[in-house]
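Before any comments, here is the structure.
The values are calculated or read from the model by the stated rules, or taken from the named source; none is laboratory data. Just so it is clear, the structure is predicted and the values come from calculations on it, not from any experiment. Counting neighbours? That spans all protein chains shown, and the Cβs are built from the backbone with ideal geometry, glycine included. Accessible surface areas use protein heavy atoms only, side chains included; no ligands, DNA or RNA. Shrake-Rupley method; radii C 1.70, N 1.55, O 1.52, S 1.80 Å.
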Amino acid sequence: MHLSYKISIPKPSNHMLNVKISLSEFDFDAPFTFFMPVWSPGSYLVREYSRHVQGVRCFDEQGRRVFVEQSDKNRYTVNCQHPDFKVAPRSISFEYEVYCNELTVRTSHIDSTHAFIHGPSVFMGIEDHAMKDLVLEVEFPPLWSNLSTTLKDISTERAVFKYQASDYDELLDSPIEIGCQETDGFMYEGKEHWWIYWGLLPKLEWNLKQDIEKLVAEVAKVPGELPYEKYMFMAHFAPGLYGGLEHSSSTVLAFDPLKMVNRKSYLDWLSLVAHEYFHVWNVKRIRPKALGPFDYQKENYTKMLWLSEGLTVFMDELFVLRSGLSTVEEYLEQQKTNMNRLLSTAGRKFDSLEDSSFNAWIKLYRPNENSMNSTVSYYLKGGLAFFVLNAWLKPFDKSINDFIAKLWSDYKSHPESGIDEDIVFNIIESLSDKKTRDDFSYLISGTDDLPLEAAAKECGLEIVFEQSLKVWTGLDMKFQAEQVFIDRVHLDSPGMKDEFNSGDELITIDGLRVMKSQWDKHSEWLKPEQKYQVVVARHGRLTELELTPARSPSLIKEIKVLDAKAVSKAFGL
Ligand SMILES: [Zn+2]
């Protein structure tokens, strides 16, 4: 079987990508099916990429029409034996267009300034056939000067852009940026590392490339080797963007350019870079059994995203600290924020890390106003579970680095297959003892609160709670022009007890009109334990409710360093 793809962008401003798949050296006697992936590895949501596909058609090498029937939302069956269109082709050309106008890290985007091609959203595959040694040819407008991808360049002529993918997974896992993007790079351990970006950046006081270089060195030294030929950091900067997606030898990052100016947000950017880069090892190679080889046509369930994302979250801010790009104070402030977010999530009492991971497809990736009351993020709680594990390894003179090194050597002993929880727990036991293994496994499968205070103490830190005097209604607001609406109602909060609903519009409090521009003042004059008469509009009807705010639950005020030496040792500084 010989399979090659050709994509072209005749008019970028209409966002269309033309795709032509040529198939030869193939048994055309039996019907066969092209499919469009419904999701992207690394982003656990069924996205139905085929909804942007149009104009599906098929021809033989003489230009005769070949019969194609859509057999499912994302599947197209080719039948060369159909009585009305009987052909005996030597090769076929399967063609369609894809509308690409969604600028995220897991969708494709084409406009007059660039084309970002995200494989799963544009490349159909053939069911039940091993798709190997694929060729991709790309045609794009002559005004664009660059094509960036980690696919192997096999072009032999100027102005003809040809690439090779060893298989369908690599084709989907290799994003492509075309346009006039900035390109730069550096060598590390004798390998090319590309830094390319599209979008405008304000003048910054930081050197992005140098900081990425520092992170690469810091991250790579933990597993101790680079498992790729070359690596590409591909970024999109535009207002409101945030996100990252990991690939085996690249990552796509999206960030708001104006946020790069502020130091705190810049640290978020650096954590994002470290996070996606560490995925080279954790999830792209060390991975739960369900995550590779992939079934691109349906949900791939795993209970282990606490490892893939939780460990990566714990390491990302730590790598930034270790590389000298943040201070211990800034790192502890980040951990305080993480811990307070977890403590403010009532849903942690209902979903374990395993549950949250398994249901990522319908919960974490499809949040609603009740999410914080019913579930917990495996990113957030998973990250802090590894904060705890790192502390638990300390009495055994081991750390999270030893855990990662062992995961990596386990991966190398069976790279073709993923891992299960037992392998992870066995590694923990080998670094500590049976009790630590059992305790950690209990954290993963249970809903008890994480022992954060004890873990912090083990690392030479003290968690100090504030005695909150602040008023608390448990109602999160959202605004539309001058209108004030209840966005979310926290579980067991005064607002929930007093029967407020998400979606209620606040009209008056004790007769005083509620407006967005006055909202700060309303928040100020409410006092705990006082009763207020509130009029809300609910489904077009005015309703009067009584609200009795309370004092806000106490959160962490600061994480104090008690023993600087112990901190350095615990966090590998
Ligand atoms: Zn991640």
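Observations on the model:
- Heavy atoms of E205: accessible area, 1.4 Å probe, square angstrom to 10: 150 Å²
- Under the Karplus curve 6.51 cos²θ - 1.76 cosθ + 1.60, θ = phi - 60°, whole-Hz ³J(HN,Hα) for the range 404-419, x wherever Gly or Pro sits: 5, 4, 5, 4, 5, 6, 5, 4, 5, 7, 8, x, 6, 10, x, 10
- Excluding same-chain neighbours fewer than eight residues apart, the lysines reachable from K363 by a Cα-Cα span under 20 Å are K298, K303, K349, K381.
- Rounded percent of accessible protein surface that carbon and sulfur make up, the range 2-176, 1.4 Å probe: 46 percent
- Acute angle (nearest 10 degrees) that the helix 421-431 long axis makes with the longest principal axis of the chain, alpha-carbon atoms: 60 degrees
- With R₀ set to 22 Å, the beta-carbon distance separating W361 from S445 gives a calculated FRET efficiency near 0.65.
- Spin-label pair D295-D476: with each label point 7 Å from Cα along the Cα-Cβ axis, the two points sit 3.3 nm from one another.
- Per-residue SASA remark: K298, around 110 Å² accessible (1.4 Å probe; ligands, DNA and RNA not included).
- Heavy-atom accessible area ranking, 1.4 Å probe, most first, across Y163, Y242: Y242, Y163
- The listed peptides 353-361, 226-234, ordered by packing as a protection proxy, come out as 353-361, 226-234 (highest mean of other Cβ atoms within 10 Å first).
- For the range 2-176, lysine pairs separated by 8 or more sequence positions, or belonging to different chains, with Cα-Cα distances below 20 Å total 12.
- For the chain, a simple Cβ point-charge model (Lys and Arg +1, Asp and Glu -1, everything else neutral) yields a dipole of about 680 debye relative to the Cα centre.
- For the pair the range 61-91 and the range 231-245, the centres of their Cα atoms are 40 angstrom apart.
- Residue among F233, L208, A405 farthest towards the positive dipole end of the chain, charges placed on Cβ: L208
- FRET efficiency estimate (nearest 0.05) - Cβ-Cβ, S166 to T337, R0 45 angstrom: 0.60
- Reach of K516 by Cα under 18 Å, taken over aspartates and glutamates that are not fewer than 8 positions away in the same chain: D476, E482, D487, D504, E505, E524
- For the range 471-551, the solvent-accessible area of protein heavy atoms averages 58 Å² per residue (probe radius 1.4 Å; ligands and nucleic acids excluded).
- In a reduced charge model with +1 at each Lys and Arg Cβ and -1 at each Asp and Glu Cβ, the range 256-305 shows a dipole moment near 180 debye about its Cα centre.
- Helix 434-445 vs. the chain, principal-axis angle (Cα, 0 to 90°, nearest 10): 80 degrees
- Expressed as a whole percent, the accessible surface of the range 471-551 that belongs to carbon and sulfur atoms is 48, based on a 1.4 Å probe.
- Relative to the longest principal axis of the Cα atoms of the chain, helix 328-343 runs at roughly 90 degrees.
- Sum of side-chain charges, D448 neighbourhood, beta-carbon under 15 Å (Lys, Arg +1; Asp, Glu -1): -4
- Nitroxide proxy distance, nm - points 7 Å out along Cα→Cβ at E48 and L469: 5.3 nm
- Where a label projected 7 Å from the Cα of E330 along Cα→Cβ would reach, residues of the range 259-276 with amide N under 16 Å: 259-275
- In sequence order, the range 38-45 has phi-based couplings of 9, 8, 10, x, x, 9, 8, 8 Hz under the Karplus curve 6.51 cos²θ - 1.76 cosθ + 1.60, θ = phi - 60°, and Gly or Pro positions carry x.
- Both numbers refer to the Cα atoms of the chain; Rg and Dmax are 26.7, 83 Å.
- Signed unit charges on C-beta, dipole axis of the chain, positive-most listed residue A481, A570, G125: A481
- Cα centroid separation - the range 371-412 against the range 302-316, whole Å: 7 Å
- Total formal charge among the other residues, if their Cβ is under 10 angstrom from that of M304, Lys/Arg +1 and Asp/Glu -1: -1
- Ranking of W525, W519 by solvent-accessible surface, largest first: W525, W519 (1.4 Å probe, protein heavy atoms only, all chains present).
- Hz values of 3J(HN,Hα) by residue in the range 183-189 - Karplus curve (6.51, -1.76, 1.60), Gly and Pro given as x: 10, 8, x, 7, 9, 9, 6
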